Amino acid sequence: MKILVTGTAGFIGFHLVKKLLQKGVIIVGVDNINDYYDVNLKYNRLAKTGISGNSEKWHIKNRSSIYSNYTFIRMNLEDREELNQLFITEQFDAVCNLAAQAGVRYSIDNPHVYISSNIVGFMNILEACRHNNIQHLVYASSSSVYGNSEKMPLSVTDSVDNPISLYAATKKSNELMAHTYSHLFNLRTTGLRFFTVYGPWGRPDMAPVLFAEAITKGRPIKVFNNGYLERDFTYIDDIIEGIVRVIHSTVTGNQQQATSKQKPETPCSIYNIGSGNPIKLMDFIETLENAFHKKSIKEFLPMQPGDVLKTFADVNALKNDFGYAPNTTLKKGIGEFVKWFKEYYSV
């Protein structure tokens with residue numbers, strides 16, 4: 001089985017590639033390695049999968065020095081010609097699209113980047129899949145599409161018509177675009193609405209790394225909405241296991257439909273992927289403090305534009321259809337994260 005995985009220098013993409021390679025899957029990875037956050041972290045992730053040397057050069061195939069079944073290419077999804085040629089040359093069986101411009105707050109000040117990457121880039125992926133006999137497109141959506149819904153837990157049957165950030169709007173747009181291509185061209189698509197993912201090699205703009213840096217350096221933690229926030233924190237290994245199960249269904253023939261409003265004849269599904277266990281932000285911070293054996297300094301601030309009060313995933317559809325079973329406790333997950341953080345940042 002040969003898979004294109006986009007965003008392989010990113011947090012989730014890096015972990016997914018490692019897991020799939022261990023299972024013997026042939027992978028071509030692409031990433032544009034943009035400077036939204038520290039590119040050294042991205043290059044170090046790539047190096048862990050044997051991609052180094054020329055990885056910074058555009059449109060050059062880089063063979064992994066560790067895995068014979070892994071090739072990496074630096075590429076923009078917006079580059080339609082290069083992307084189309086890649087599909088024609090490689091003849092993929094399936095695609096897992098994790099590449100996107102991330103960040104809710106960043107989208108407020110940099111909207112054009114999100115349209116270019118998340119809309120135009122995804123459009124090019126859909127077109128390439130359509131014209132190259134792709135069996136299955138799995139793509140990253142986000143829990144942000146639910147906006148500030150007060151109904152909990154959040155279910156794929158809930159309305160997502162009121163996004164409160166441009167990032168969320170682009171992710172909802174991806175779901176609509178995928179549904180259209182499934183309907184028109186019988187392209188099997190599965191969208192995964194990720195809830196808050198944490199773990200080793202996480203993004204430095206996300207709360208776990210920001211909090212860990214503040215704790216270790218004795219700086220204040222910025223605690224928004226005065227700490228009255230809840231997130232469905234999900235450990236990276238649980239997320240990866242779920243994605244792999246969905247991708248594996250490409251070859252097993254499992255084409256279960258999510259319990260969403262899509263017409264059953266359309267091969268289009270959307271699932272929540274999270275822990276199904278919301279955690280109070282203050283409890284998350286306390287668990288970090290315990291792992292570092294150090295109390296934090298807290299700076300309580302008002303709610304930030306684009307943020308949501310609570311996320312709580314109903315993951316029953318993913319459990320029923322794919323046997324998804326997140327089981328990493330917060331204490332264990334934070335422990336693994338802190339262990340990596342101390343080693344990587346030499347704390």
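Would you pick out the residues in the stretch 144-162 that are in contact with a Ser or Thr (Cβ under 7 Å, 6 or more places away or on another chain) and not β-branched (Val, Ile, Thr)?
Residues of the stretch 144-162 that are in contact with a Ser or Thr (Cβ under 7 Å, 6 or more places away or on another chain), as a first pass: 144, 154, 156-158.
If the condition is that a residue be in contact with a Ser or Thr (Cβ under 7 Å, 6 or more places away or on another chain) and not β-branched (Val, Ile, Thr), then Ser144, Leu154, Asp158 are the ones that fit.
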Screening Ser159, Ser155, Ser173 for residues that are open to solvent by 10 Å² or more (accessible area, probe 1.4 Å) and within 22 Å of Ser117 (Cβ to Cβ) leaves only Ser173
_Regarding the stretch 123-132, can at least one residue be identified that is out of contact with any Leu (no Cβ under 7 Å at 6 or more places or on another chain), at pLDDT below 95 and not in a helix (DSSP H, G or I)?_
no
Among residues of the stretch 201-217 being outside any helix (DSSP H, G or I) and under 14 Å from Leu288 (Cβ atoms), the residue least open to solvent (accessible area, probe 1.4 Å) is Gly202
All conditions in (1) touching a Ser or Thr at 6+ places or on another chain (Cβ under 9 Å); (2) in a helix (DSSP H, G or I); (3) of a type in the set (A, V, I, L, M, F, W, C) are true of Ala99 except (2)
Of the residues that make up the stretch 66-86, is at least one of a type in the set (Ser, Thr, Tyr), out of contact with any Leu (no Cβ under 6 Å at 6 or more places or on another chain), closer than 23 Å to Asp314 by Cβ and open to solvent by 50 Å² or more (accessible area, probe 1.4 Å)? no
If we keep only residues of the stretch 201-232 that are modelled with pLDDT under 95 and of a type in the set (Phe, Trp, Tyr), then the residue nearest to Lys342 (Cα to Cα) is Phe224
Kindly establish whether Ile51 is of a type in the set (A, V, I, L, M, F, W, C) and either touching a Ser or Thr at 6+ places or on another chain (Cβ under 6 Å) or surrounded by 15 or more Cβ atoms within 10 Å (Cβ to Cβ) (or both).
-> yes
- Task: Determine whether the stretch 251-269 contains at least one residue that is modelled with pLDDT under 95 and assigned to a helix (DSSP H, G or I).
- Result: yes
### Task
Answer yes if at least one residue in the stretch 148-167 is in contact (Cβ under 8 Å) with a residue 12 or more places away in the chain, in a helix (DSSP H, G or I) and under 26 Å from Pro111 (Cα atoms), and no otherwise.
yes
Of the residues in the stretch 45-83 that are in contact (Cβ under 8 Å) with a residue 12 or more places away in the chain and in a helix (DSSP H, G or I), the one that is farthest from His131 (Cα to Cα) is Lys48
Condition set in contact with a Ser or Thr (Cβ under 6 Å, 6 or more places away or on another chain) and open to solvent by less than 10 Å² (accessible area, probe 1.4 Å), scope the stretch 107-143, selection farthest from Val197 (Cα to Cα): answer is His136
Of the residues in the stretch 292-329, those that are buried (at least 20 other Cβ atoms within 10 Å of the Cβ), touching a helix residue (DSSP H, G or I) at 6+ places or on another chain (Cβ under 9 Å) and of a type in the set (A, V, I, L, M) number 4
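So, Asp38, is that one of a type in the set (D, E, K, R), open to solvent by less than 60 Å² (accessible area, probe 1.4 Å), out of contact with any His (no Cβ under 9 Å at 6 or more places or on another chain) and farther than 20 Å from Arg130 by Cα or not?
On the way: of a type in the set (D, E, K, R): yes; open to solvent by less than 60 Å² (accessible area, probe 1.4 Å): no; out of contact with any His (no Cβ under 9 Å at 6 or more places or on another chain): yes; farther than 20 Å from Arg130 by Cα: yes.
No.
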Here the residues within the stretch 36-90 that are of a type in the set (Asp, Glu), under 23 Å from Tyr344 (Cα atoms) and either at pLDDT 95 or above or under 21 Å from the mean Cα position of the chain (by Cα) (or both) are Asp38
- What about Ile33, is it more than 22 Å from Ile247 (Cα to Cα), modelled with pLDDT of 95 or more, part of a loop (DSSP other than H, G, I, E, B) and open to solvent by less than 30 Å² (accessible area, probe 1.4 Å)? yes
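The values are calculated or read from the model by the stated rules, or taken from the named source; none is laboratory data. It should be emphasised that the depicted structure is a prediction, and the values quoted were computed from it without experimental measurement. Cβ coordinates were reconstructed from backbone atoms using ideal geometry, including for glycine residues, and neighbour counts include every protein chain displayed. Areas reflect the complete protein model, heavy atoms only, side chains present, ligands, DNA and RNA absent. Shrake-Rupley method; radii C 1.70, N 1.55, O 1.52, S 1.80 Å.
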